Structure formats: C-alpha cells, structure tokens
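This report concerns only the one structure given below.
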Amino acid sequence: MDSKLNKLREDAENILKNNLNYQSDVPLNEFNKIIHDLKVYQIELELQNEELRNTQKLLEDSRNNYAQLYNEAPAGYVTLNESAMILQANQTFARMVNRNSSSINNLSFTEFIDDEDIHVFISRFNAFFKKPEGKSMELKMLKQNGKNFNARITANIINNESNKVKLFLIITDITEQKIAKDLIVETQHNYENFFNTIDDFLFVLDEEGKILYSNSTAQSRLEYSENELIEKHVLNLHPEERRTEASKIVQEMLSGYNTFCPIPLITKSGKLIPVETKINKGFWNGKAVLFGVSKDITQLKLSEEKFSKVFYLNPSACGLSDLTNHQYIEVNDAFYNLLGFNKNEVIGKTAYELGILESTAAEKILETADSNGKIENQPINLKAKNGDIKSVLISAENIYIQDKRYRFTVLNDITKLRKFESELKKQNKELLSLNAEKDKFFSIIAHDLRSPFNSFLGLTQIMANEINTLTMPELQRIAVNMEKSANNLYNLLENLLQWSQIHQGLTIFNPTEIHLITLINTCVENMHDVAINKNIEIIVDINEEINFNVIGDENMLKTVIRNLISNAIKFTNTNGAIRIKAEKDINQTIITVTDNGIGMTKENIVKLFKLEESYSINGTENEKGTGLGLLLCKEFIEKHRGKIWVESEKGNGSTFCFSLPSINYKSI
C-alpha cells in the first residue's frame, strides 16, 4: 500500500514539474491564498477518501448479509443451467439433502429426485425455463441416506451479463404439510361418506328455501336425481294443500316458537312419507344456509339428530371469527374437544383473550392472514384451557358472507404424530425387556433347572444299583452330595418361584419394623451347615449397642441376605471367611457381605443385576448358579427404596452392599 502511495506522489511531482510555470514575483497575499486553497483541497480529498472507505465497508457488510440471508433462508435455493446442472446451492438445500454444500455444485439436479418423480421434473423443466411464473411442481426428493421428503418447487429466470439464462429454484420441504393435507382430504372423504350414509333426509337450503344440497337418502327415497332437487323449493316436497302450513311452521321454528314440522314429504310418484322435520340456521361453504333434517317417524328407534351429529363430529377443529374484532362467532365440537373450552367461553372472545395463542405468535399469524388473505398448514403450538400444549397445523382464509368479512380457521391436531416416535422407542424398549425375561426363564428351565436334577438322580441311581457294595464312608459322601444337590435345587426353585410371583404382581410387600441384627443372625444360622461343608467361617461384625432397626418386608430381606451369603459361600475357597457388617446414618442403613474368595473383574461386575446379560459362573467347588438370586435381591431392595451394588477385584474377594431407609427416615 505504501509503495503505491509513493508511486502516486512521484507521478504527481513529475506532472507538476512539467506543467508548473514559476513566477518569482507572486505577491505574498496571493501565495498565501494558494496555500490555503491547497490545504482545503487536501482536506476535501481526505474526506472523500474517508467516505469511500466507509462506502466500501458498507458494501462488504451488505455482501456478507446477503450471503448469510441466502444460505440461512427457510427455503432451499438452487441455480441450474439449461442442462439442469447445479451451479449454486445454499446451505438450506444442502441440509435438506444431508450433503455438504461444496459437493453439490456441478451435479445434475435429477440426482436428488426420487426415481418415480424424475419424469415429472424432466417434463416440467423446459416449461419452467420458458415461463416459470405461476408454475410449481411437487416432487419426492432424496436425502443422502436414501430417505425421501416431499418438496414444492417454484422458479424464476436469471439473465446474467453473458446473456446465459439460468433457472433459480425455490425448494420448500412440505412433508408435514402433505401429511396434514392428506389427512384433510381423508377427513373430507369420510365426511361425505358419512353424510350420504345417514338414513334421514338431509337438505341444505339457501335463505329463500331453495335446495343447495341433498343427501343420497333424500334423493333415493323421494325418487329425484341430485340435479332435479337443486334449486327446487323445499316446500314443493310437501303435499300442495299443506305447503302454506309448512311455511308457517318453518318460520316459527326459525323464530324459536316451534321445534319441528310434522307435515309429511311427498315423493315424485306421489307417495307420502311421514316425517318429523327440523330446520336450523348454519353455514355451508362460508354462506348462511338452512339445514333441514327430516326423520322418517315410521322408524323412531333410529338415532336422533343425525344431521347435527354430522355437523358437530367433524374431526377437524373449525372456527369462524369476525374480522372486525377477531371474536369467534361459531366453532364446532372438535374445537371444544381439542382445546377444552365450552361454547359460552369461546363465543364472543378472541384467540388471544382465550390464551390459546401467545401474543407474538398471534400477531404474526393475523398479519400474514390479513396481508395474504389466507394461510395454509402453518405449524404452531396452541395452549389448551388446562395448560396442555397442542401441536397443530393451522389454515385460515378470509371470506365474505353477506358483504361482511370473516375468517374461517381449520386446526389439525398433529400432537400424536410428534409423540409417535418417542412412543415407538418406549415400546421397543419394553419389548426387549420382555424378550430378555423370556429368554432368561427358558435358559433356566432348559439348563439350570435340569442340572441339579441330573446330579441328584445320578446319586440316587448309584445308591439304588450299588448299595450292597458301598461302604459307610461312601454312603456318607453320597448323602452329603445329595444334600448339596437338594439344597441347590431348593434354592433355585425358591428363587424361580419368588421371581415369577413378583413379576405377576403376586408378591405382597408388607413393611414392618425389623431388628436387623436378629434377622441377620437367623439367616447366618440357616446357612451354617452349608458353610461348615467348606469349613468357612461366617462372622457377624455389627455393634449390638447401636439400634439397627429398619423398616422392611422380613421375608424379602431374608431372601436378600440368604442369597448374598449363599453367593459368598459359593465363591469362597475352603477354610475361607465371610464378614457381615452394618453402618447407619440419619437417612439409611448399609449392610455389607464380604468374602475373601475369587473376586470378579470390572467387566463382569457391570453384567451383574442385569437380566439381559445372563452372567453366571461356577463356584470354587463347581457349584452351579443362574444369576437369578442377585436379580431377586435387586428387585426386593428397590421395593424398599434402597440400592444394591458390589465392590470386587479379581483374586481379592467381593463385597456386596445394599442400603435400606432407617427407621427414622421417610416412611416407605
């Protein structure tokens, strides 16, 4: 930059030297004036330079803002040449197709279109290039992972300096809108089917009494075609001699002085059909009409007021509001059901007064509807009367009824769609859990339950076949082994029974105050003979001067302590020791069962207390196990609002711990 300035100064000096005519006799006052003018000119140049720098910065900021608006626009922007090759695409489009924006350029746009819709794009592409105004197309487009989404495409022509025509596409993801639109179409179809399957005669009349619409029952029973009934005055469906009477009753019904008209209808062939007719004012396609329902009173057991049910059971929530004050003048039952209001609370109130919309959201929707005349399938959250948030797609259109402007609003609830995915995940998780339980039980029944039986049966077979040749020590050894097998079998069956009962909801939780030391000593005495067989000492190291009373279910806690002691004996070598301790604070009591046996690795510790892991190994004397006992312990301790965990190292024994709320803690 400095070198350029120096060069400019050098050039200026040379020009000045060649063009300046020195005058030695210039008066001092003129010389001072020249100096002044030069200084002013210099300041002007500096101000112009400063203004130029500011302009350049504004231009750069404007370019950056344009780039940000272009890339972060709510719609995808893509520029194509005449061969449908992508020249440029914004970040929004890149996110739509799960691609990096740099990898999109120079690719054919058809690579991002579902195979089924490529022919649609090709057939419309040339038409877009000729005259895109007023044209649009809807396509299924592809993401990088192969999934597709619905898109609406509009376009504009771009002419550059080289006169090469480019097509600028505007791509909007309309997947949710299409789902909602399909739902609306299905609702309309269901409505028409329902309307035409009603057994009553249904008529929609203009305010002069001419028929605008009739259902299939009216047409078939009265022997007229649909076109024959349109524009026919409804009084002409009554016998001629009673039409004046019918007109009077209709006026009385509209004024509230009568409830129904008993005058029969007459078919095209002259047959009379006894009916009970009711007339109500309402709106049909945005216009004030009269709804006529004629019930064949020869079949009084048919459901009542079917036409009104058709009107109020529309699955889409609809509302009509006065545009002069935005107050609701009519809403259907689906509206009340969706938002939890009753009619008296809604009529004469605005959505803002009801608290349905937040103020900013309400203003945005009202401004859009006012400026465009309508809005279509705009996602928004509404607040129900009870505070629940409802996710809906809102559509609204400004309409005229008798020269007065109204807004017709339709709400389609998509809350369930939003929750569908999370509900599926929850169900899958529950299914996996159920399958794991099933597999675990099948494993126990097929293998672990059979193993103790085989051992027991083998010993009895030896005694049965060789009892006359066995010595007393041999008989004693067989009897000891039979006792072990019987105890293992009993413990397994006991665990299976308790596991089955707790998962069927048959286990009764009966918490009482329990003296913990007494309970532990009882369990130790019950396990004494099993420990003696391996010459294992069980030490109860608890300070009896401390009150270790707890609140719990005695049978459940016995099962927990028995299983933990049994496990400790199983994995402790002969001549080993097991130590039982207890500690307490104001909130809880912690019981530990420690052995000096074979211990466990960290990898195996994390598998404990999990049904799906199915972790079990044999004891030091090949004692069998299923892992079901520890699962029972976890279930029972958690019922007591406690926790169970293990601390262990391979070769250094294990400590199983569980906590229980103290007697002075919150009641279970």
**OP:** Say whether the condition of being modelled with pLDDT under 90, in a loop (DSSP other than H, G, I, E, B) and aromatic (Phe, Trp, Tyr) is met by at least one residue in segment 642-665.
**Re:** yes
Original post:
Do we have Thr175 as surrounded by fewer than 15 Cβ atoms within 10 Å (Cβ to Cβ), of a type in the set (Ser, Thr, Tyr) and touching a Phe, Trp or Tyr at 6+ places or on another chain (Cβ under 8 Å) here?
Top reply: yes
Subject >> Selected residue (criterion: modelled with the lowest pLDDT) from residues of segment 294-335 that are part of a strand (DSSP E or B) and more than 38 Å from the chain's Cα centre (by Cα) >> reply: Asp296
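Residue-wise test of (1) out of contact with any helix residue (DSSP H, G or I) (no Cβ under 9 Å at 6 or more places or on another chain); (2) in a loop (DSSP other than H, G, I, E, B).
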{"residue": "Val560", "(1), (2)": "no, no"}
{"residue": "Asn563", "(1), (2)": "no, no"}
{"residue": "Asn567", "(1), (2)": "no, no"}
{"residue": "Ile590", "(1), (2)": "yes, no"}
{"residue": "Gly597", "(1), (2)": "no, yes"}
**OP:** Return yes or no: is Thr324 hydroxyl-bearing (Ser, Thr, Tyr), in contact (Cβ under 8 Å) with a residue 24 or more places away in the chain and open to solvent by 30 Å² or more (accessible area, probe 1.4 Å)?
**Re:** yes
Original post:
Among Asp117, Asp200, Asp206, which is touching a residue at least 12 places away in the same chain (Cβ under 8 Å), under 30 Å from Ile266 (Cα atoms), among the charged types (D, E, K, R) and touching a Leu at 6+ places or on another chain (Cβ under 7 Å)?
Top reply: Asp206
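Condition check ((1) closer than 22 Å to Gly642 by Cβ; (2) at pLDDT 90 or above; (3) in contact with a Pro (Cβ under 6 Å, 6 or more places away or on another chain)) across all residues:
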| residue | (1), (2), (3) |
| --- | --- |
| Gly576 | no, yes, no |
| Glu583 | yes, yes, no |
| Ile591 | yes, yes, no |
| Gly597 | no, no, no |
| Glu603 | no, no, no |
Original post:
Right, Asn106: exposed (fewer than 10 other Cβ atoms within 10 Å of the Cβ) and under 24 Å from Lys164 (Cα atoms) or not?
Top reply: yes
Original post:
Is there a residue being open to solvent by 80 Å² or more (accessible area, probe 1.4 Å) and at pLDDT 90 or above anywhere in segment 231-240?
Top reply: yes
Original post:
Quick one: in segment 578-614, which of the residues that are open to solvent by 30 Å² or more (accessible area, probe 1.4 Å) and among the hydrophobic types (A, V, I, L, M, F, W, C) is farthest from Lys650 (Cα to Cα)?
Top reply: Ile586
Subject >> Single residue of Ile532, Ile551, Ile538, Ile546 found to be farther than 24 Å from Ser662 by Cα and at pLDDT below 90 >> reply: Ile532
Original post:
Of the residues that sit in segment 517-529 and are in contact with a helix residue (DSSP H, G or I) (Cβ under 8 Å, 6 or more places away or on another chain) and of a type in the set (A, V, I, L, M, F, W, C), which one is farthest from Ile578 (Cα to Cα)?
Top reply: Leu519
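The values are calculated or read from the model by the stated rules, or taken from the named source; none is laboratory data. Remember, predicted model here, so these are calculated numbers, not experimental data. Counting neighbours? That spans all protein chains shown, and the Cβs are built from the backbone with ideal geometry, glycine included. Side chains are part of the model used for accessible areas, which takes the heavy atoms of the whole protein and leaves out ligands, DNA and RNA. Shrake-Rupley method; radii C 1.70, N 1.55, O 1.52, S 1.80 Å.
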